[in-house]
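To keep things clear, I will list the structure first and then write my remarks on it.
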Amino acid sequence: FRDLVLARQQRNGLRYISISGEPLFDAAGAFTGYHGTARDVTEIIKLSEALHLAEDRYRVVAQATVSAIWDHDEDSGSTRWTEGIDEIFGYRVAGQSLSTDWWLERVAPEDRERVMAGYAAAIAAESPHMNAEYRFARADGSYAYVADRGVVLYDEAGKVYRRIGGITDITAQRQAEFSLRESEARFRAMADA
């Protein structure tokens, strides 16, 4: 097997070889040799390294963003959330597989029908994007205004197989807009008087 490894190193650069085998013994129990197989696993190792690198990048991006990133698998019906769901909204569920119902139960009841109808319309139109703004319950029971932006992934047959996105807390922005409108209304009222 040593010759095989050296030949591959010289021709194609460093290669990873998986070798398995077992010793052979004669009737008296004396070692007579071995038999086994050697398999080039370089591509498997490279793919594994690339996957780990991609996962590390995803984790760093998720930590650097101010959003709670979600990843929904359509077949299982489960959604995984990044640490943002815990940090921003006070939950302790990051990394767990949660149902769509977990998320929907936290959307303000008055907003649910509108949000679900918007998502259904986006999917029916085979849009790659889903966007909504709604109120989302924090762990303490208060509501945050959120912007939810997602990407829909379709297979070759046009069937949705995954949705990935994030919700960002825009409560401070909404409160500033409400305050500005109230100030403008008071100003108009004073001007009319």
Spelling it out for VAL107: with amide H atoms placed in the peptide plane at 1.01 Å from N, the residues 5 or more places away or on another chain with amide H under 5 Å from its amide H are ALA137
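How high is the relative contact order of segment 67-133, in percent, counting Cα pairs under 8 Å that sit 6 or more residues apart?
20
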Check ARG162: other-chain or 5+ apart residues with amide H under 5 Å from its amide H, H built from backbone geometry? GLU74, LEU153
Expected vector for segment 14-21, Karplus 3J(HN,Hα) from phi with 6.51, -1.76, 1.60 and θ = phi - 60°, integer Hz, x for Gly and Pro, equals 5, 10, 9, 10, 9, 10, 9, x
FRET efficiency for ILE123 and HIS52, Cβ-Cβ distance as r, R0 = 25 Å, nearest 0.05? 0.20
Neighbour-limited loop hits for GluC sites (Glu not before Pro), segment 138-187 (at most 15 other Cβ within 10 Å; DSSP other than H, G, I, E, B): GLU156
On the accessible surface of segment 116-169, probed at 1.4 Å, how many percent belong to carbon and sulfur atoms? 55
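Report the relative contact order of segment 74-193, percent, no decimals, based on alpha-carbon pairs under 8 angstrom and at least 6 residues apart. Kindly include the intermediate steps, with their values, before the conclusion.
On the way: 157 pairs, mean separation 21.2, N = 120.
Reported relative contact order: 18 percent.
Filter the trypsin sites (Lys or Arg not before Pro) in segment 115-193 down to the DSSP loop ones having no more than 12 other Cβ atoms within 10 Å, then list what survives.
Values: sites: ARG135, ARG138, ARG149, LYS159, ARG162, ARG163, ARG174, ARG181, ARG186, ARG188; in loops: ARG138, LYS159.
Here the sparse-neighbourhood loop sites are LYS159.
In terms of the ratio Rg/(2.2 N^0.38 Å) built on C-alpha atoms, what value belongs to segment 133-175?
Details: Rg = 14.3 Å, N = 43, 2.2 N^0.38 = 9.2 Å.
So the Cα radius of gyration is 1.56 times the expected 2.2 N^0.38 Å.
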Is segment 60-193 rounded, prolate or oblate when judged by the Cα gyration tensor, a ≥ b ≥ c being the square roots of its eigenvalues, rounded requiring a/c under 1.5 and prolate requiring a/b larger than b/c? prolate
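The values are calculated or read from the model by the stated rules, or taken from the named source; none is laboratory data. Here the structure is a predicted model, which is why all the values come from computation and not from measurement. Here the Cβ is made from the backbone with ideal geometry for all residues, glycine too, and neighbour counts use every protein chain on show. Ligands, DNA and RNA are stripped out before the accessible areas are found, and what is left, the full protein with its side chains, is counted by its heavy atoms. Shrake-Rupley method; radii C 1.70, N 1.55, O 1.52, S 1.80 Å.
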